[in-house]
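Please read the structure below before turning to the comments.
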Amino acid sequence: MIHIETDTDLCIASGVCALAAPAVFDQDEDTGLVVLLDADPAEEQAGAVREAATMCPNAVIRLTERA
Amino acid sequence: MSVSTDLSARAVDRARGCPFAAAAGHEETDLNGPVARVRTPAGIDAWMVNRYDDVRDVLSDATRFSSGAGSINHMLPRMWPPQPMEPGDFNRMDGAEHLRFRRAFGIELGAAKRIDGLRPAVQRIVDERLDAIAGAEQPVDLHELFSKPVTTAVIADLMDVPYEDRQLFHDSASAALDINIDVETATAAFDKLKAYVRKLLVDRRENPGDDALSHIITRSEAGEKPFTDDELESIGFALISAGFDVTAGMLTFIMLTLFEFPDEMARLVEDPSLAPTAVDEFVRYLPGNVGILRQAIVDTEIAGVQIKAGDYVLAGIGAGSHDAEVFPDPEKLDLARTPNSHLNFGRGPHACVGQQLARLELRVALETVLRRVPSLRCAVPVSEVPLREDNIVPGPAHLPVVFDEVLPAQEQ
Ligand code: HEM
Ligand code: SF4
């Protein structure tokens, strides 16, 4: 299982995460900043979430693996 | 599949070996090594960084590497040494100052829903441009008559400005990336566009509409530290001129590459659902901006090389996007490549503002051309297509094509 944390202070509203894993990341209607929908997503989201974390331009998304 | 055909070899050479030479006293340097000491066309010596992890680190850490010198000025002799920064030139800002600007763009160009909402407009524009070339005399220059009009019309739509004003945008955008243009001509083109944006600002303040600039103004005025007119001018200027030219160049380069690799073209025609991964693979694979300029603000180290505060560093996004440690078989064009976290839209706080828009435009254009013009082919051997010599970003200068017919657009 992965656990997700986001540091919104760094977010530049690029939308990369919401494109890669729309079930897990959304964006605020007014600011475009990341909104974490699910901090402990199901296993089938893991690939998309890892992609989002790697592609996030400003290292906003931190993942920890949990057994 | 081999990529060492004439065309790729020419384009890739230009992007990799050239335009940098080894710096004086570093003649032995391996230009493709992890860190190479190079001399840039503007005549400055810089550390060229080529490995994926190092490129990402340089671009991601503004506390060590500042954007203050401007990200492309090392390529332009006329821009060196850099002029004092103008108000609102956010591409040269760092930290919180820069973030203030980036957040103004985010919701307009980065929000996934906003981009989805633009899709019908992009589709309409692409269809209109294909209708227009259907009756044109062949061969048709796909760059002038399709790629440029499409990406220009999309930005005009986003800003709600008349497409008829496009010459102004084109002049300014090409001046920004032209290696050989003289300072006076470039300044004149920039000044004209700035004056245009000024008028636009006055108009949008009085009659706010549903366009990106009006939204940015309205949101800014409701915020804690509203943008000044000078700052808004820079924002409007950047939105209008920063991206359509690069995106048009990319679209033409993609079409040329498909002519060069007919098997890949056939694969895409057969399975159009590959379009999204194909777009990112083209952006990864094709040579673009060779290096993005940063300046070290502290003494530091990259791949074991000592970098002193004040040294210039070039983040080799093209080389990093071909790093075999990260991309299996990096010289192979693989339209289904996943994952594909290439660096050609940049990384870190300055990563491309327009990347989602560019992805959308390229995807819709590619899908639609392949669907509506299945007989499209290059009018000359691909090795004879002229490449741009005067622009920082490599790509075809023109792309002459012929076709039998343009099929009707799909109902939306
Ligand atoms: C295929 C097309 C494109 C490519 C390859 C591309 C590439 C890039 C790269 C590498 C950067 C990073 C520069 C840096 O780190 O200083 C960048 C920044 C930027 N891009 Fe793009 N771009 C494209 C399309 C667009 C479009 C369509 C727009 C506008 C609508 C745009 C607007 C910008 C702006 C405003 C910046 C400056 C961001 C900042 O300094 O914070 N780009 N682009
Ligand atoms: S990818 Fe990163 S910077 Fe972009 S919206 Fe998501 S969290 Fe923010």
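Of the residues B:Leu293, B:Leu343, which single one is within 14 Å of another protein chain (Cβ to nearest Cβ), in contact with a Ser or Thr (Cβ under 7 Å, 6 or more places away or on another chain), within 9 Å of ligand 1 (Cβ to nearest atom) and modelled with pLDDT of 95 or more? If you could, list the steps in order and put the result at the bottom.
Values: B:Leu293 fails: within 14 Å of another protein chain (Cβ to nearest Cβ).
Going through B:Leu293, B:Leu343 in turn, just one is within 14 Å of another protein chain (Cβ to nearest Cβ), in contact with a Ser or Thr (Cβ under 7 Å, 6 or more places away or on another chain), within 9 Å of ligand 1 (Cβ to nearest atom) and modelled with pLDDT of 95 or more: B:Leu343.
Got at least one residue in region A:22-43 being at negative phi, touching a Pro at 6+ places or on another chain (Cβ under 6 Å) and either within 14 Å of chain B (Cβ to nearest Cβ) or hydroxyl-bearing (Ser, Thr, Tyr) (or both)? Can you show your working first?
Step one: of region A:22-43, the residues at negative phi are A:22-31, A:33-43.
Filter once more, so that each one left must be touching a Pro at 6+ places or on another chain (Cβ under 6 Å): A:24.
Still in the running and either within 14 Å of chain B (Cβ to nearest Cβ) or hydroxyl-bearing (Ser, Thr, Tyr) (or both): A:24.
Scanning region A:22-43, I find at least one residue that is at negative phi, touching a Pro at 6+ places or on another chain (Cβ under 6 Å) and either within 14 Å of chain B (Cβ to nearest Cβ) or hydroxyl-bearing (Ser, Thr, Tyr) (or both), so the answer is yes.
Sort out which residues of region B:315-371 are open to solvent by less than 20 Å² (accessible area, probe 1.4 Å), part of a loop (DSSP other than H, G, I, E, B) and among the hydroxyl-bearing types (Ser, Thr, Tyr), and write them in order of number.
B:Ser321, B:Ser341
Against the condition open to solvent by 70 Å² or more (accessible area, probe 1.4 Å) and in contact with a Leu (Cβ under 8 Å, 6 or more places away or on another chain), how does B:Lys192 come out, does it pass? Break it down into steps so the answer makes sense when it comes.
On the way: open to solvent by 70 Å² or more (accessible area, probe 1.4 Å): yes; in contact with a Leu (Cβ under 8 Å, 6 or more places away or on another chain): yes.
Against the criterion (open to solvent by 70 Å² or more (accessible area, probe 1.4 Å) and in contact with a Leu (Cβ under 8 Å, 6 or more places away or on another chain)), B:Lys192 qualifies.
From B:Arg359, B:Arg372, B:Arg337, grab the single residue that is closer than 19 Å to B:Val140 by Cβ and basic (Lys, Arg).
Details: B:Arg359 fails: closer than 19 Å to B:Val140 by Cβ; B:Arg337 fails: closer than 19 Å to B:Val140 by Cβ.
From the options B:Arg359, B:Arg372, B:Arg337, the qualifying one is B:Arg372.
Residues checked against (1) in contact with a helix residue (DSSP H, G or I) (Cβ under 8 Å, 6 or more places away or on another chain); (2) within 14 Å of chain A (Cβ to nearest Cβ); (3) modelled with pLDDT of 95 or more:
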{"residue": "B:Val326", "(1), (2), (3)": "yes, yes, yes"}
{"residue": "B:Gly348", "(1), (2), (3)": "yes, yes, no"}
{"residue": "B:Arg359", "(1), (2), (3)": "yes, yes, yes"}
{"residue": "B:Thr368", "(1), (2), (3)": "yes, no, yes"}
{"residue": "B:Ala379", "(1), (2), (3)": "no, no, yes"}
{"residue": "B:Arg388", "(1), (2), (3)": "yes, no, no"}
{"residue": "B:Val401", "(1), (2), (3)": "yes, no, yes"}
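Just one of the numbered conditions (1) within 26 Å of B:Ile392 (Cα to Cα); (2) more than 14 Å from every other protein chain (Cβ to nearest Cβ); (3) not in a loop (DSSP other than H, G, I, E, B) is not true of B:Gln83; which one?
(3)
Out of the residues in region B:374-412 that are among the polar types (S, T, N, Q) and open to solvent by 30 Å² or more (accessible area, probe 1.4 Å), state the one that is farthest from B:Met255 (Cα to Cα). If you could, list the steps in order and put the result at the bottom.
Going through region B:374-412, the residues among the polar types (S, T, N, Q) turn out to be B:375, B:383, B:391, B:410, B:412.
Filter once more, so that each one left must be open to solvent by 30 Å² or more (accessible area, probe 1.4 Å): B:383, B:410, B:412.
On the way: B:Ser383: 14, B:Gln410: 21, B:Gln412: 24 Å.
Ranking the qualifying residues of region B:374-412, first place goes to B:Gln412.
Just need a number here: residues in region B:148-167 that are hydroxyl-bearing (Ser, Thr, Tyr) and either within 14 Å of B:Leu118 (Cα to Cα) or surrounded by fewer than 17 Cβ atoms within 10 Å (Cβ to Cβ) (or both).
So the first thing to find is which residues in region B:148-167 are hydroxyl-bearing (Ser, Thr, Tyr), and the list is B:151-152, B:163.
Next, from what is left, pick out any that are either within 14 Å of B:Leu118 (Cα to Cα) or surrounded by fewer than 17 Cβ atoms within 10 Å (Cβ to Cβ) (or both): B:151, B:163.
Residues in region B:148-167 being hydroxyl-bearing (Ser, Thr, Tyr) and either within 14 Å of B:Leu118 (Cα to Cα) or surrounded by fewer than 17 Cβ atoms within 10 Å (Cβ to Cβ) (or both): 2 in total.
From the list B:Gln123, B:Gln138, B:Gln167, exactly one residue is in contact (Cβ under 8 Å) with a residue 24 or more places away in the chain, part of a helix (DSSP H, G or I) and of a type in the set (S, T, N, Q). Which is it?
Values: B:Gln138 fails: part of a helix (DSSP H, G or I); B:Gln167 fails: in contact (Cβ under 8 Å) with a residue 24 or more places away in the chain.
Unique residue meeting the criteria: B:Gln123.
Which residues, taken from region B:174-189, are assigned to a helix (DSSP H, G or I) and in contact (Cβ under 8 Å) with a residue 40 or more places away in the chain?
Just the residues of region B:174-189 that are assigned to a helix (DSSP H, G or I), to begin with: B:174-177, B:183-189.
Matches in region B:174-189: B:Ser174, B:Ala176, B:Leu177, B:Val183, B:Ala186.
So in region A:12-50, with the set limited to residues that are more than 10 Å from ligand 2 (Cβ to nearest atom), among the acidic types (Asp, Glu) and within 30 Å of B:Ser220 (Cα to Cα), which one is most open to solvent (accessible area, probe 1.4 Å)?
Among those residues, the one meeting the criterion is A:Glu29.
Would you pick out the residues in region B:86-110 that are of a type in the set (A, V, I, L, M, F, W, C), over 19 Å from the mean Cα position of the chain (by Cα) and within 8 Å of chain A (Cβ to nearest Cβ)?
Once the filter is applied, which keeps residues that are of a type in the set (A, V, I, L, M, F, W, C), over 19 Å from the mean Cα position of the chain (by Cα) and within 8 Å of chain A (Cβ to nearest Cβ), region B:86-110 yields B:Leu99, B:Ile107.
Among (1) facing chain B (nearest Cβ under 9 Å); (2) open to solvent by 50 Å² or more (accessible area, probe 1.4 Å); (3) modelled with pLDDT under 90, where does A:Met55 come up short?
(2)
Condition check ((1) more than 13 Å from chain A (Cβ to nearest Cβ); (2) within 16 Å of ligand 2 (Cβ to nearest atom); (3) of a type outside the set (A, V, I, L, M)) across all residues:
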residue	(1), (2), (3)
B:Ala278	yes, no, no
B:Thr300	yes, no, yes
B:Ala319	yes, no, no
B:Asp329	yes, no, yes
B:Thr338	no, no, yes
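Filter region B:101-113 for residues that are more than 11 Å from ligand 2 (Cβ to nearest atom) and touching a Phe, Trp or Tyr at 6+ places or on another chain (Cβ under 8 Å) and give the result.
From region B:101-113, those more than 11 Å from ligand 2 (Cβ to nearest atom) are B:101, B:104-105, B:108-109, B:113; that's our starting set.
Scanning region B:101-113 gives B:Phe101, B:Ala104.
Of all residues in region A:2-11 being touching a residue at least 24 places away in the same chain (Cβ under 8 Å) and surrounded by fewer than 24 Cβ atoms within 10 Å (Cβ to Cβ), which is nearest to ligand 1 (Cβ to nearest atom)? Working first, answer last.
Step one: of region A:2-11, the residues touching a residue at least 24 places away in the same chain (Cβ under 8 Å) are A:2-8, A:10-11.
With the extra rule that they be surrounded by fewer than 24 Cβ atoms within 10 Å (Cβ to Cβ), the set shrinks to A:2-8, A:10.
Details: A:Ile2: 29, A:His3: 30, A:Ile4: 25, A:Glu5: 24, A:Thr6: 20, A:Asp7: 18, A:Thr8: 18, A:Leu10: 14 Å.
Applying the filter and picking the extreme gives A:Leu10.
Table: residues versus (1) buried (at least 21 other Cβ atoms within 10 Å of the Cβ); (2) aliphatic (A, V, I, L, M).
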{"residue": "B:Glu184", "(1), (2)": "no, no"}
{"residue": "B:Thr187", "(1), (2)": "no, no"}
{"residue": "B:Lys199", "(1), (2)": "no, no"}
{"residue": "B:Asp211", "(1), (2)": "no, no"}
{"residue": "B:Ser241", "(1), (2)": "yes, no"}
{"residue": "B:Thr257", "(1), (2)": "yes, no"}
{"residue": "B:Val269", "(1), (2)": "no, yes"}
{"residue": "B:Gly288", "(1), (2)": "yes, no"}
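The values are calculated or read from the model by the stated rules, or taken from the named source; none is laboratory data. Keep in mind that this is a model prediction, so the values were computed, not measured. Glycine gets a Cβ as well: all are built from the backbone with ideal geometry, and neighbour counts include every protein chain shown. Accessible surface areas use protein heavy atoms only, side chains included; no ligands, DNA or RNA. Shrake-Rupley method; radii C 1.70, N 1.55, O 1.52, S 1.80 Å.
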